[in-house]
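The values are calculated or read from the model by the stated rules, or taken from the named source; none is laboratory data. All values derive from a computational prediction rather than experimental measurement. Virtual Cβ from ideal backbone geometry, glycine too; neighbours counted across all protein chains shown. Protein only, heavy atoms only, side chains kept; ligands, DNA and RNA dropped before computing areas. Shrake-Rupley method; radii C 1.70, N 1.55, O 1.52, S 1.80 Å.
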Amino acid sequence: MKTHGNVIRLLRKNKSLSQEDVSTNTVARTTISKIERSNIIPTITTLEAIITKFDVTLDEFQYIRNDYQLSERDKIISDYLKLVSNTQTELVTDIIGRCDIYLCKHPNDRLLLDIKTILAASLHLVNDELEIAQELVRPVWTRLEKIDHFSLIEIRLVSNMLFYFPIDIIEKFVPRLLVMIDKYSALDKTLSPLKVALLINSSSIFMDIYPAITTKNLDIAINTAKEINRFDLLANAYYLQGVHTQKPELINKAKNIFYAIEKTDILAQLEKNYYLKLTPEFDF
């Protein structure tokens, strides 16, 4: 890994800036010189003041320091965030194994421990072992549910555990998560699919309990899915809205999208889940 000074010098030269150009009221030119010669390591405050001049974020700076590669820890987190479903058992098992290797050297890394625990629970959920999954994640949940304002990663951790628990807990936390997602949406656009998934998953649970809220949430899910071009989520939301409002045209619209994007496995699961709701009224 490159030193802080090496990367600062590289970025400064790339921008054709002098040390004087980079200096600020709080960071003297002599300080920048010492950092570039690796005589001192900059504090976070100093580093932020300097790299702002290069239009670079802290995350990007660390990425450059690591020769334009993610660290193993960041790779694990990145792959965890890319998971679409807990049914991707091979990927889930792979990430768990990599967590184990990393945790051998860093046993107190709470985030990696949480990720490993949640993924292990998801494998039990796939096997319909809900109670085992709940017990595995309960310590993580107990700690996170006490937090007033979730960080980005905590939003994802809580979202991944939420539907393991009873309806009253889901009812309590979905609105809270949606508020936090909206607060962070300008910073992280990848939260939009998570928002749609939360709206869809909660609607499937609350459909018969809160019909008006379900209709509203699915409308939001449909509009958001269109905005972010997530046709799999769009089709899912259309299907649920069709079931909920008993409108065959929405079911057909969902089917056409699923066929077009070759996601008929999701359609098959939806048809299995909602067969009894559709059979009496629908004639396809």
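Summary of packing: across the peptides 1-14, 126-139, the per-residue average of other C-beta atoms within 10 Å ranks them, highest first, as 1-14, 126-139. Evaluating kT/(6 pi eta Rh) at 4 °C and 1.567 mPa s, with the Kirkwood radius of segment 71-146 over Cα pairs in the Stokes-Einstein relation, gives 102 µm² s⁻¹. Here the relative contact order of segment 104-175, from alpha carbon pairs under 8 Å that lie six or more residues apart, stands at 28 percent. Karplus-derived 3J(HN,Hα) values for segment 197-212, using 6.51 cos²θ - 1.76 cosθ + 1.60 with θ = phi - 60°, are 4, 4, 5, 5, 5, 5, 5, 5, 8, 9, 3, 8, 9, 10, x, 5 Hz; glycine and proline are entered as x. For the chain, the mean residue ellipticity at 222 nm estimated from helices alone is -22000 deg cm²/dmol, where every DSSP H run of n ≥ 4 contributes -39500 (n - 2.57) and the total is divided by all residues, rounded to the nearest 500.
Dipole orientation for the chain: of the candidates L233, S185, I118, S185 has the Cα lying most toward the positive pole (charges on Cβ; Lys, Arg +1; Asp, Glu -1).
Taking each of K13/K226; K146/K189; K75/K146; K53/K189 in turn, the alpha-carbon distance tops 31 angstrom for K13/K226.
P(r) tail for segment 109-200: Cα pairs beyond 19 Å make up 40% of the total.
Kirkwood hydrodynamic radius, computed over distinct alpha-carbon pairs, for the chain: how many Å, to one decimal? Mind showing how you got there, number by number?
On the way: mean 1/r = 0.0455 Å⁻¹.
About 22.0 Å for the chain.
Residue-wise HN-Hα couplings along segment 111-120, as the Karplus relation 6.51 cos²θ - 1.76 cosθ + 1.60 with θ = phi - 60° gives them from phi, are 5, 5, 5, 5, 4, 4, 5, 5, 5, 4 Hz; Gly and Pro carry x. Taking the 1.4 Å solvent-accessible surface of the chain as the whole, the part contributed by carbon and sulfur is 53%. Annotation: Cα Rg of segment 165-283 relative to the compact-globule expectation 2.2 N^0.38 Å equals 1.06. Entry comment: accessible area of the chain is 56 Å² per residue, from protein heavy atoms only and a probe of 1.4 Å.
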